[in-house]
Amino acid sequence: FMCNSGAEANENALKLASFHNRKHKVIAFKNGFHGRTSAAVAATDNAKIIAPLNAQQEVEIIELGDLEAVEKALDKNNVCAVIVECIQGVGGLDEDTTLFYQGLQSLCRQYNTSFIADEVQSGFGRTGDFFAFQKHGLEPDIISMAKGMGNGFPVGGILIHPQIKASYGLLGTTFGGNHLACNAVSTVLKVIEKEQLIDNAKAVSAHFLKRAQELPQVKNVKGRGLMLGLEFNFPIATLRKNILFNHHIFTGSAKNPNLIRILPPLTIKESHIDLFFNALKAEL
């Protein structure tokens, strides 16, 4: 189902789950981010952006990795969906174990709850796999996508498991699936394949990890592929500002104040990574 943004993708994913099993509650995870609208923002772990109107949604935020708490919540038989980022973006590149994600999927099946993989930030080759969940051998009921889909053009979508039967008019959109958006997505897929950008993500990632080892100030390197984070023992706001204004290099922030988020274009070369690390060295 085509739509226009990641938030809209997650709205439709959650709505579809509720239609499918006729339940109403959502389980999401600490430091997760799913959008800024209605149910998507209610499932986001950031009280500052949840208006009282959104807070009416029944959402339980659980610590990532806590299967016991998930099962306790599911046992009440009112949870329509569990939504999870297999690598948290805004939250700071946290990822749990394969055992956890497979356990989550198994519990969802056991309790007739839809398992939603939020791939808005991590999809379309970003992590060195087409989707981040593939590393863990999962088969979600619904996959939400956006960001990398259109190479900057506003487009989103959800992939729906065949066991969820289509019903005419259940979901709708004015601009979703317009010709320009569809052509953008089609072109992105062709370029990813033709230029072997998923392989490039893996190769450049390996070079990034190698360069990161040269910096004793780096406490931890998080993430996979070209969805990466450099964690330090100090807040990085000034460091990011200096890299931007002194070297003209954009980096990202995260909920973790000590983490620089690195999500470059999938076409990036090792020489660009060297520019970044040289700038980082100079500023450190």
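Through the Karplus equation 6.51 cos²θ - 1.76 cosθ + 1.60, θ set to phi - 60°, convert the phi angles of segment 67-80 into ³J(HN,Hα) values in whole Hz; use x for Gly and Pro.
Going residue by residue, I get 5, 5, 5, 4, 5, 4, 6, 5, 5, 7, 6, 10, 8, 7 Hz, with x marking Gly and Pro.
How far apart, in nm, are the 7 Å Cα→Cβ label points at SER186 and ARG22?
So the two model labels end up 4.1 nm from each other.
Whole angstrom only: what separates the Cα centroid of segment 233-284 from the Cα centroid of segment 126-172?
About 29 Å separates the Cα centre of segment 233-284 from the one of segment 126-172.
Between ALA55 and ASP199, what length comes free when the chain is fully extended (0.36 nm per residue of separation minus the Cα-Cα distance, one decimal in nm)?
47.6 nm
With charges set only on the Cβ (+1 for Lys and Arg, -1 for Asp and Glu), what does the dipole of the chain come to about its Cα centre, in debye to the nearest 20?
I would put it at about 440 debye.
Just from its helices, what would the mean residue ellipticity at 222 nm be for the chain, if runs of 4 or more DSSP H residues each count -39500 (n - 2.57) and the sum is divided by every residue, rounded to the nearest 500 deg cm²/dmol?
Result for the chain: -11000 deg cm²/dmol, rounded to the nearest 500.
Mind checking segment 80-155 for chymotrypsin sites (Phe, Trp or Tyr not before Pro) that DSSP puts in a loop (not H, G, I, E or B) and that have at most 16 other Cβ atoms within 10 Å?
Those that pass, being in a loop and sparsely packed, are PHE130.
Any number yet on Rg/Rh for segment 171-226, C-alpha, Kirkwood?
So for segment 171-226, dividing Rg by the Kirkwood Rh gives 1.25.
Let's test this: bin the Cα-Cα distances of segment 113-207 at 5 Å from zero up to the farthest pair and state each bin's percent.
Per 5 Å bin, starting at 0, the Cα pair percentages come out as 2, 12, 19, 22, 20, 14, 6, 2, 1, 0.
Given a Förster distance of 51 angstrom, what is the FRET efficiency for GLN217 paired with ASN77, based on the Cβ-Cβ distance and rounded to 0.05?
Calculated value: 0.55.
From Cα pairs below 8 angstrom and at least 6 apart in sequence, can you work out the relative contact order of the chain, rounded to a whole percent?
Worked out over the chain, it gives 18 percent.
Return the lysines within reach of LYS281: Cα separation strictly under 26 angstrom, same-chain partners fewer than 8 residues apart disregarded; answer none if there are no such residues.
In chain and number order, the partners are LYS202, LYS210, LYS219, LYS222, LYS241, LYS255, LYS269.
Do any trypsin sites (Lys or Arg not before Pro) in segment 8-64 lie in a loop, going by DSSP, with at most 10 other beta-carbon atoms within 10 Å of their beta carbon, and if so which?
ARG22
Can you give me the % of accessible surface on the chain that is carbon or sulfur? Probe 1.4 Å, all protein chains present, nothing else counted.
Ligands and nucleic acids excluded, carbon and sulfur give 53 percent.
How much net charge surrounds SER122 when only other residues with a Cβ under 11 Å from its Cβ are counted (Lys, Arg +1; Asp, Glu -1)?
Net charge around SER122: -1.
Once you wrap a convex hull around the alpha carbon atoms of segment 1-112, what is its projected area averaged over all directions, in nm²?
Quarter of the Cα hull surface area: 6.9 nm².
Note the full-extension length gain between GLU139 and LEU275 as 0.36 nm times their separation in residues minus their Cα-Cα distance, in nm to one decimal.
Contour length minus the Cα-Cα distance gives 45.1 nm.
The values are calculated or read from the model by the stated rules, or taken from the named source; none is laboratory data. Here the structure is a predicted model, which is why all the values come from computation and not from measurement. A quick note on method: Cβ atoms are made from the backbone with ideal geometry, for glycine too, and the neighbour counts reach across all protein chains shown. The accessibility values were calculated without ligands, DNA or RNA, using every heavy atom of the protein model including side chains. Shrake-Rupley method; radii C 1.70, N 1.55, O 1.52, S 1.80 Å.
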